[in-house]
Structure formats: C-alpha cells, structure tokens
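Heads up: the structure comes next, in structure tokens.
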C-alpha cells in the first residue's frame, strides 16, 4: 500500500503520520483541521523536482513537511520545525501568504 495516495488532485496521507509530525494526538487531528487550527497545502515539483510533491501541514507553532514521489506514493523526505513560544514566521508558511 502506498504511503500517500493522489487521486483526482487530492492527496490522502495517514493521519498518524501528520499527527506525529505536528506532535499532536492523532485523535484530535481531524478536529483541529476542521477548526482551522491546522492547515495544509501541496506544491508540485518543478525542474529537478519534477515527479515530486511537497505537502506542508501547519499548526500554530509547528510546520511538518513531506516530499512524496508521485509515481510510488512513497515519502522520500520528511521534516518538522517548531517555533516554541511563538507563531510560525511568515517565511515558514505557504509561499505568497
């Protein structure tokens, strides 16, 4: 089974992976997303990164990213950064926001 699935322009990723990356309980992830306290966006790779997608998940003070191979759905890179005691700086958010 693929780690991340892409179907009709929509990504599906196991909630446990995202919860771990954001350091939140898996049971509260969906509620936090519905409330807008956790947001996400996807970027398609260009140039040397063609065939990859970067999925970013943002909470009040943490950003979690995975880079996914679009043919296999495998996560080829993951990273998490926390800005404890403050909100994410603009540079850590979605480009252009």
| said: What percent of all Cα-Cα pairs in region 4-86 falls into each 5 Å bin, going from 0 up to the bin containing the maximum distance? | reply: 3, 14, 26, 24, 18, 10, 4, 1
| note | Residues of region 1-44 with backbone N under 17 Å of the label point set 7 Å from the Cα of residue 72 along Cα→Cβ are 1-6
| note | By the mean-Cβ-within-10 Å protection proxy, highest first, 67-79, 26-38 rank as 67-79, 26-38
| query | Quick one: what do you get for region 14-53 if you divide its Cα Rg by 2.2 N^0.38 Å? | reply | 1.48
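Each value in this text was obtained by applying a stated rule to the coordinates, not by laboratory testing. Since we're looking at a predicted model, the values are computed, not measured. Cβ sites come from the backbone with ideal geometry, for glycine too, and all protein chains shown count toward neighbours.
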